[in-house]
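Step one of this worksheet: look at the structure below.
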Amino acid sequence: MPLEIPQLDDRTFEQLFAEATARIQVHTPEWTNFNDSDPGMTIVQVFAFMTENLLYRANRIPEANRKKFLTLLGVPLQPATPGRGMVAFRNERGPVQSYPLDAGVELRAGKAPFRTRTSVCILPITAAPFYKKRQTGLDAAATLQYQRLYASFLETDSQQLEFYKSTPLDPPEIGRPLPVVDLKDDTIDRALWVALLAPPGVALDAARAALDRQTLTLGLYPPPGCEGLTLEPQSWESRPVTNPGLVFEIAAPDPSVTDTLAPPVYKRLQIEYAENVLETPGIVQVVLPESSKLTLWDFDPEEEGTLDYPPLVEDKGVAARIVTWLRIRLPDAAKGEANADTGSRTRPSTRLTWVGVNAARVLQAVRVTDERLGTGTGAPDQLLKVANTPVIVNLTTGTQPGTDPTSTFILQVQDGSRGWDTWQRIDDLFAAGPNDRVYTLDPESGQVSFGSGLRGMRPPLGMAIRATYEYGGGPAGHVPPGAITKSAALPGGFKVDNPVATWGAGAGEDTAAGERNIPRYLKHRDRLVTASDFRDITLRTPGVDIGRVEVLPLFSPLNFDPNDTATTAPGAVTVMVVPKQDAALPDPPVPDRLFLEAVCEWLDPRRLVTTEIFVRGPVYVPLWVSVGVTVMPGHVSGIVQREVRAAIREYLSPLLGGPPVAGAPSLDAVCTDPPTASDPCPKPRGLGWPLNMEVRRQDLEAVATRVAGVRYVDTIKLGVMTAGGVTLTGVDRVTISGLQLPWPAGVHVREGSAEDLESLLGAQPADPTPKPMPVPVPLLPKRC
């Protein structure tokens with residue numbers, strides 16, 4: 001039977017007042033005026049009112065008691081997550097020399113504090129990235145003009161000019177879409193060119209001397225969009241890799257070569273430290289050659305930007321400041337380079353949004369050094385608390401030179417000789433022995449718990465205890481580009497800003513949320529075992545707003561065959577997540593790369609060792625629907641058509657679509673009373689289009705028919721894209737399998753008969769035919 005919460009005292013104001021009035025004749029018989037105008041009765045009423053308030057508070061558990069009960073149950077509250085980002089330093093007016101900067105530098109975006117997580121050697125240069133964007137569709141006159149201009153480059157009849165536009169990769173701006181360049185599809189040479197620029201007014205030779213054999217720190221930010229990439233669970237700190245998936249080269253002109261048509265030479269740079277920058281924002285550190293080799297080619301006017309030379313820079317002011325060129329390209333399979341694109345379905349991303357120099361990763365955090373928590377009492381189960389919360393706990397630290405050594409929670413206890421012993425943090429004191437110097441930490445409350453002597457050592461009597469840690473987090477860590485601009489640690493002439501917006505900041509759980517999680521937490525104990533455990537724990541992922549979670553046991557997206565759905569993958573679990581977005585938007589909600597990483601980082605420490613987890617977003621199948629309806633008299637045709645479009649989009653929605661679930665209003669539900677704004681008519685809703693449920697044309701017809709004002713559906717057509725991706729074909733049903741979900745790419749409704757599917761898609765341009773033996777040449781800027 002359910003537990004009933006007892007009422008300690010349920011007397012009301014009227015009962016208390018009546019009881020007090022009845023005692024007047026017993027204790028003070030001389031009191032005879034019981035009217036409201038009597039001052040004594042007013043005092044009795046005040047005391048009755050105050051007593052009722054005290055009883056009301058006594059019948060409710062205060063906030064502090066509720067938190068204490070959660071602590072006794074062992075149900076921790078999820079702390080606020082800190083924001084992460086990248087910053088780039090600039091030496092604008094400082095000395096023309098390198099300036100090393102260790103990790104742990106304090107920065108600020110308004111009142112939001114940040115600290116650098118990686119070291120950086122600030123060099124007196126800035127970066128200007130360009131790429132060679134393929135250009136087609138030149139008219140015959142322009143093509144003939146360029147053929148005459150570059151006739152000397154066409155040595156054989158099989159060679160043809162390949163035109164490109166030298167395009168800068170602009171930095172992200174507030175209110176505009178993120179700039180994105182796909183090295184594989186948007187460029188003619190699969191490369192991004194980075195011009196290293198000297199500060200204004202500084203001689204190139206002086207800048208080159210400052211770069212002599214220095215370590216250049218490059219920051220790379222891939223776009224957050226995800227294209228079905230498989231992400232393995234990992235720590236939230238970026239991990240070092242031996243191969244970042246890109247090749248970094250520097251211009252290496254040979255002064256002895258005078259042939260103008262000779263191919264240019266580039267030298268591959270040595271990588272000191274790298275992160276997987278094609279998957280997550282990170283840094284790559286390369287070693288520059290000696291200053292005497294930082295030179296450029298001496299171009300003739302018609303040679304600049306041709307062949308495999310750096311792109312043409314139209315801005316002469318920028319061109320005059322170029323110290324040297326870096327080329328960041330994709331690996332080439334013909335040269336046997338690692339991570340080359342071999343056509344695999346799991347190939348890494350090839351897109352970038354921002355590339356800069358003098359970069360460092362930052363975290364929303366404040367450092368506290370050697371805070372005294374108290375002294376040991378020698379008693380079992382000692383409890384202490386830090387002064388600042390939430391505490392940032394980092395389980396893993398990178399191996400990048402100069403990584404902030406204070407990124408973990410460090411607790412020290414004095415020993416007998418008044419030295420300091422560092423104790424180890426563990427998850428469960430019951431796993432410790434009597435002589436183990438261990439403790440547990442609740443990051444949300446900042447409480448440090450020690451052992452009983454049987455399970456973990458007790459801090460000795462009179463010994464001081466101190467901690468070094470970082471704290472921070474919360475929505476204030478979400479700042480736009482250019483917000484992190486202040487730092488007291490930078491010398492004069494140096495600047496800093498964040499080229500991209502920060503990510504990952506989120507609010508922590510409150511007490512009410514913790515109480516709601518008690519049954520689930522006691523069920524799974526924060527461990528991923530059953531499918532319901534996966535669903536419940538994934539929904540608690542901090543820093544992201546999840547609208548839907550689907551768990552697919554024994555399913556691996558790597559070897560899934562739509563034609564063989566009976567095949568299983570032992571030990572594999574796929575978690576499909578859908579962000580919580582407005583389902584009425586035409587674009588489907590797609591989790592970006594940072595969204596999926598947050599889920600991976602949350603699930604990784606909670607999974608079984610033998611479980612392989614894949615975190616994916618849905619794979620949308622685009623559908624086109626054309627509907628012809630007959631509108632009932634008295635209804636506005638335009639409004640009815642709009643409602644039909646909205647009903648079909650909602651029915652196919654990944655968050656609200658599909659048939660109504662059990663307990664939801666049925667499709668035939670009607671309002672028994674006139675609906676109002678506060679109590680509208682119940683609307684049929686699902687929980688998102690179910691997995692593995694096909695889309696039928698008849699179901700869409702039924703949805704359109706139920707819209708108010710529709711007399712009947714004249715015709716309805718359901719279309720999907722053909723294999724070539726050029727035309728639509730009409731079908732009666734569309735199979736949905738695996739991680740697939742339907743997406744209404746186009747819904748057209750009109751009165752009368754339905755429009756043809758071909759007109760919905762429109763004419764599609766044919767794929768350009770690749771030109772044999774292309775000779776890249778730039779499109780020259782037009783001049784008056």
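What figure, in Å² to the nearest 10, do you get for the accessible area of Thr21 with a 1.4 Å probe and non-protein molecules left out?
That residue has around 30 Å² of solvent-accessible surface.
Rounded to a whole number, what % of the accessible area of the stretch 16-56 do carbon and sulfur atoms account for, probe 1.4 Å?
Carbon and sulfur together cover 65 percent of it.
Given a 1.4 Å probe and every protein chain left where it sits, what share in percent of the accessible area of the stretch 73-199 is carbon and sulfur?
50 percent
Could the peptides 590-601, 140-151 be put in order, highest first, of the mean number of other beta-carbon atoms found within 10 Å of their residues?
590-601, 140-151
Taking the mean number of other Cβ atoms within 10 Å as a proxy for protection, how do you rank 213-221, 481-489 from highest to lowest?
213-221, 481-489
How much accessible surface does Met632 have with a 1.4 Å probe, in Å² rounded to 10?
We get 80 Å² for Met632.
At 1.4 Å probe size, with every protein chain present, just tell me what the per residue accessible area of the stretch 528-637 comes to in Å².
Accessible surface, normalised per residue, equals 42 Å².
For Lys580, what accessible surface area do you get with a 1.4 Å probe? Give it in Å², rounded to 10.
120 Å²
Taking the radius of gyration and the Kirkwood hydrodynamic radius from Cα positions alone, what is the Rg/Rh ratio for the stretch 125-227, to two decimal places?
Computed over Cα atoms, the ratio is 1.07.
Per residue, how much space in cubic angstrom lies within the convex hull of the C-alpha atoms of the stretch 529-577? Before the final figure, lay out the partial values.
Working: hull volume 4.4 nm³, N = 49.
Roughly 90 Å³ of hull volume per residue.
For the stretch 428-550, just say rounded, prolate or oblate: build the C-alpha gyration tensor, square-root its eigenvalues into a ≥ b ≥ c, call rounded for a/c under 1.5, and beyond that prolate if a/b exceeds b/c, oblate if not.
Oblate shape, in that a/c is at least 1.5 and b/c is the bigger or equal ratio.
Less than 9 Å Cβ to Cβ from Ser291, Lys/Arg counted +1 and Asp/Glu -1: what total charge do the surrounding residues give?
Values: positive: Arg208, Arg213, Lys293; negative: Asp205, Asp212, Glu290.
Taking every other residue near Ser291 into account, the sum is 0.
The values are calculated or read from the model by the stated rules, or taken from the named source; none is laboratory data. Just so it is clear, the structure is predicted and the values come from calculations on it, not from any experiment. Quick reminder, even Gly has a Cβ in these numbers, built from the backbone with ideal geometry, and neighbours come from all protein chains shown. The area values use the complete protein model at the heavy-atom level, side chains included, leaving out ligands, DNA and RNA. Shrake-Rupley method; radii C 1.70, N 1.55, O 1.52, S 1.80 Å.
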